[in-house]
Amino acid sequence: MKVVIAPDSFKGSLSALEAGAAIERGIRKVLPEGVIKVIPMADGGEGTMDCLISSTKGRFVSESVVNPLGRLIDSGYGILGNGTTCIIEMAMSSGLYLIERYERNPLLTTTFGFGQLIKAALDRGCRQFILALGGSATNDGGAGMLQALGAELLDIENEQIGFGGGELERISTIRIEGMDARLSECEFIIACDVDNPFIGEKGASAVFGPQKGATTEMVGQLDSNLEHFANVINNTLGIAIHDIPGTGAAGGLAGGILAFLNGKLESGVSIVARVSELSNAMEDADLVITGEGRVDAQTVRGKTPYGVAKIAKSHNVPVIILAGSIGEGVDVLYEYGVSAVLSIVNRPMTLEEAMEETDTLLAAASEQVIRIIQSKV
């Protein structure tokens, strides 16, 4: 029997690689000689870099950059096994987890550190970039990134604006002549799992601003500032990013990448699946097991189990999803080739207990899945 294991991380408990190892351990109790392929997955958020480094036998490169509030931190990026493709998780330079809750303020936070990572990778010869945009603390439309790469965002007095989403309203002119010339040689793929536009009631500020510390009043200001920024971008480049789906990712960072770096938006899970050659691994497979911490109606909006199931369906391979918790609306997944969605929780327990025991619970649930299949009930 051939089984492909392709889970996402169980956030707060296990990385995707660790989850895959736990599932394999459970399966091996029943199929000690089975053909088992573990391919850790991600959807463009936390863990994407680790998955791609692992699957391509790449490496991590350390760099010092500034965090969302301009403080120097240790960060870095990945270089995939081909030696020329760079994977950057923006959360490692401009992420919400890098600042304290009381410090969250998207009027002030910047993507400058993210731009520094791009420049550092350019210096190492990278020309292909995969940019994972989950977990942002920012709402500056990529303005900080552009400044780090040599663009001038000038106010009416031809002075460079400061950091943060609150400064965008001051932009009068954007000068790109000083941007790193090597950028024109590069390909930028934006990995994201949201379809929110740059501005508006479903845009970056309105939907994601509050979780980054924005008050109701701040949301209105941030959205207005992003609209102004988009207008100046349109006047400068002739590119209108205002309503393009996906440009609202990471506080509008996706829009800035699309406009100034000719970035291409793509589902994060599709990128990881392609680079890790997940489809090839599913050839002649008898079963695919995937999973993540929570599965619900939102899973079909680009989350890992959905992406894995779509590929498995093209190979006519059944899919089992293992989840820490199951919410409403999972029935829709059955339309995309999923055979069953199972909770790994096997007794009454608190959330804390479940998170502490995720490794053991995953192994036990995987073992039971294979025992049921083997019994041919």
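Odds and ends about this structure:
- Taking other Cβ atoms within 10 Å as a rough exposure proxy, 86, 51 sort from fewest to most as 86, 51.
- Here the stretch 48-269 is assigned +1 on the Cβ of each Lys and Arg and -1 on the Cβ of each Asp and Glu. Its dipole about the Cα centre then comes out at about 640 debye.
- Residue 301/residue 187 FRET efficiency (R0 35 Å; Cβ-Cβ; nearest 0.05): 0.85
- Over the residues of the chain, the helix contribution to mean residue ellipticity at 222 nm works out to -10000 deg cm²/dmol, using -39500 (n - 2.57) for each DSSP H run of at least 4.
- Placing +1 on the Cβ of every Lys and Arg and -1 on the Cβ of every Asp and Glu, with no other charges, gives the stretch 267-343 a dipole of roughly 240 debye about its Cα centre.
- Annotation: lysines with alpha-carbon distance below 29 angstrom to residue 119 (same-chain offsets under eight excluded): 57, 212, 264.
- Here's the picture: charge each Lys and Arg Cβ at +1 and each Asp and Glu Cβ at -1 in the chain, and of 342, 72, 147 the one pushed furthest to the positive end of that dipole is 342.
- Gaussian network model of the chain, Cα within-10 Å springs - most flexible of 165, 307, 150: 150
- Proxy reagent accessibility, fewest Cβ within 10 Å first, across 24, 283, 152: 283, 152, 24
- Net charge over other residues, Cβ less than 11 angstrom from the Cβ of residue 294 (K, R count +1; D, E count -1): -1
- C-alpha center-to-center spacing [the stretch 118-186, the stretch 72-102] in angstrom: 16
- Of the residues 234, 191, 364, the one whose Cα sits farthest towards the positive end of the charge dipole of the chain is 364 (charges of +1 on Lys and Arg Cβ, -1 on Asp and Glu Cβ, taken about the Cα centre).
- DSSP beta bridges confined to the chain are antiparallel in about 35 percent of cases.
- For the stretch 48-269, a Kirkwood hydrodynamic radius built from all Cα pairs, placed in the Stokes-Einstein relation at 25 °C and 0.890 mPa s, yields a translational diffusion coefficient of 146 µm²/s.
- Dipole magnitude for the chain: computed about the Cα centre from +1 point charges on Lys and Arg Cβ and -1 point charges on Asp and Glu Cβ, it is near 1060 debye.
- Cα long-axis angle, helix 249-261 against the chain (0 to 90 degrees, to the nearest 10): 60
- Sorting 179-188, 31-40, 249-258 by average packing, meaning the other beta carbons within 10 Å per residue, from highest down gives 249-258, 31-40, 179-188.
Here, each number is a calculation from the coordinates, and none is a lab measurement. What you are looking at is a predicted structure, and each value in this text was computed from that prediction instead of being measured. Every residue, glycine as well, gets a Cβ built from its backbone with ideal geometry; the counts of neighbours run over all protein chains shown.
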